[in-house]
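The values are calculated or read from the model by the stated rules, or taken from the named source; none is laboratory data. Please read all numbers here as calculations on a predicted model, not as lab measurements. Here the Cβ positions follow ideal geometry from the backbone for every residue, glycine too, while neighbour counts run over all protein chains shown. Side chains are part of the model used for accessible areas, which takes the heavy atoms of the whole protein and leaves out ligands, DNA and RNA. Shrake-Rupley method; radii C 1.70, N 1.55, O 1.52, S 1.80 Å.
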Amino acid sequence: MKIEQYYSLEKHNTFRLQVSTRWFMEYESTDELQRILHDEYFRELRSLHIGAGSNLLFLHDFDGVILHSAIKGIELAGETDEAALLRVGAAETWDGVVAYAAGKGWGGIENLSGIPGETGAAAVQNIGAYGAEIKDAIETVEAYNQHTGEKRIFTREACLYGYRYSIFKSEAHEPYIITHVVLRLAKHPSFKLDYGDLKTQLAACPLLTPAKVREVVIRLRRQKLPDPSELGNAGSFFMNPLVSPSHFAQLKRDCPDMPSYPAKDGMTKLSAGWLIEQCGLKGTRDGDVGTYPLQALVIVNYGRATGDGIARFAERVREQVRARFGVELTPEVMYVE
């Protein structure tokens, strides 16, 4: 177990913000996690469990305990002629898991290639890209109650997955820490290729495989999104907004070329990136904060930006989209006070 005091979090957030935490605790097993959860001193402190910090915005130093899993491992938990079950440690890098599955020829998560972060956090966030979400491949999630230390195995249905949402993000439910995720992958996969550029790029491919789809997805992502190791960012800063039928009809009259996608309950999903770009904000910059020149949905740290500065910039973006379209953008990134 690793325990550090006044520990820098610069390498634990992809915005590369120079913030620190009062305590940092990293555990390598469920036994070590149990010890932390039952420690009377640390139970009294404010705590936050993080993955790779690829979806976090620290507004300032964290006065409490940052918990991080070092539980790794990818093992075959079961298989049939049709499917393979992979049990994955929460600390495994998500893209490493996708690469492993694609190398085996097992499908179901190849559209999620290239997404930064760790597997436990991916299951919390219900990551998605190119028409796929991680929930579609999740069999079960193993987690520990942060208050009682008790283990619980969540079925996919019990995770209450929605768009960038799960029970693990809800303040209305008991807090849980994920230690393992079990994925159900197809040995004879069908592919989701209806999403924009992906369909075009693969239209002439004579033989589709998870590895081929993964290759194209990574290439497309690199054309549009900055590498966090080179330019601090958290990927898509805002979620794609949902609007009512009447609101969409009004928007479509004013902007006939507005991209849109059908959503649940008659709602329509809009492209947050397109809305931001129409406001003239693509590639704009204020000091060390700005939107990425190739993708307006990404806010980047060009050097020594602060979390508070990024939050203020994001609010100006929201205000301009609200003023022009009457649409409210919701941050996908989690703000940490």
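Worth a mention:
- Considered as a group, the residues in segment 168-182 that are touching a residue at least 12 places away in the same chain (Cβ under 8 Å) and assigned to a loop (DSSP other than H, G, I, E, B) include one that is least open to solvent (accessible area, probe 1.4 Å), and that residue is P175.
- Near pairs, Cβ below 7 angstrom, 6+ apart or cross-chain, from segment 119-130 (under 14 Å from V141 (Cβ atoms)) to any residue that is aromatic (F, W, Y) and open to solvent by less than 20 Å² (accessible area, probe 1.4 Å): T119/W94; A122/W94
- Those strands (runs of 3 or more DSSP E) of segment 278-337 in which at least 2 residues are farther than 27 Å from L48 by Cα and at pLDDT 95 or above, considering only elements entirely within it, cover 289-292, 295-301.
- Of everything listed in (1) under 24 Å from the mean Cα position of the chain (by Cα); (2) closer than 22 Å to N126 by Cβ, the single unmet condition for G73 is (2).
- Check on Y7, surrounded by fewer than 22 Cβ atoms within 10 Å (Cβ to Cβ), more than 23 Å from the chain's Cα centre (by Cα) and modelled with pLDDT under 95: no
- Some residue of segment 55-66 being touching a His at 6+ places or on another chain (Cβ under 9 Å), touching a residue at least 40 places away in the same chain (Cβ under 8 Å) and not hydrophobic (A, V, I, L, M, F, W, C): no
- Residue match in segment 276-286 (condition: under 26 Å from F62 (Cβ atoms) and open to solvent by 10 Å² or more (accessible area, probe 1.4 Å)): yes
- All positions within segment 183-208 that are within 23 Å of A77 (Cβ to Cβ) and either at pLDDT below 90 or assigned to a loop (DSSP other than H, G, I, E, B) (or both): K187, H188, P189, S190
- Residue in segment 228-238 that is assigned to a helix (DSSP H, G or I) and out of contact with any Phe, Trp or Tyr (no Cβ under 6 Å at 6 or more places or on another chain) present: no
- The single residue among E118, E139 that is in contact with a strand residue (DSSP E or B) (Cβ under 8 Å, 6 or more places away or on another chain), under 19 Å from G89 (Cα atoms), acidic (D, E) and surrounded by 21 or more Cβ atoms within 10 Å (Cβ to Cβ) turns out to be E118.
- Residue satisfying condition, being within 30 Å of V289 (Cβ to Cβ) and of a type in the set (S, T, N, Q), within set T30, T21: T21
- Within segment 93-119, the set of residues being touching a Phe, Trp or Tyr at 6+ places or on another chain (Cβ under 9 Å) and over 23 Å from L193 (Cα atoms) comprises G117, E118, T119.
- Residues (crowded, with 19+ Cβ neighbours inside 10 Å and over 19 Å from the mean Cα position of the chain (by Cα)) located in segment 194-236: L198, P210, V213, V216
- Residue in segment 153-163 that is open to solvent by 50 Å² or more (accessible area, probe 1.4 Å), in a loop (DSSP other than H, G, I, E, B) and in contact with a Ser or Thr (Cβ under 8 Å, 6 or more places away or on another chain) present: yes
- Note on segment 147-164: among residues that are among the hydroxyl-bearing types (S, T, Y) and modelled with pLDDT under 95, the one that is nearest to D39 (Cα to Cα) is T148.
- Here H147 clears all of (1) under 28 Å from Y335 (Cβ atoms); (2) more than 15 Å from the chain's Cα centre (by Cα); (3) not in a loop (DSSP other than H, G, I, E, B) except the condition numbered (3).
- Count - residues of segment 33-47 that are closer than 19 Å to E118 by Cβ and open to solvent by less than 30 Å² (accessible area, probe 1.4 Å): 2
- Residue check, N145 closer than 24 Å to F238 by Cβ and either polar (S, T, N, Q) or free of Cβ contacts under 8 Å to residues at least 12 places away in the same chain (or both): no
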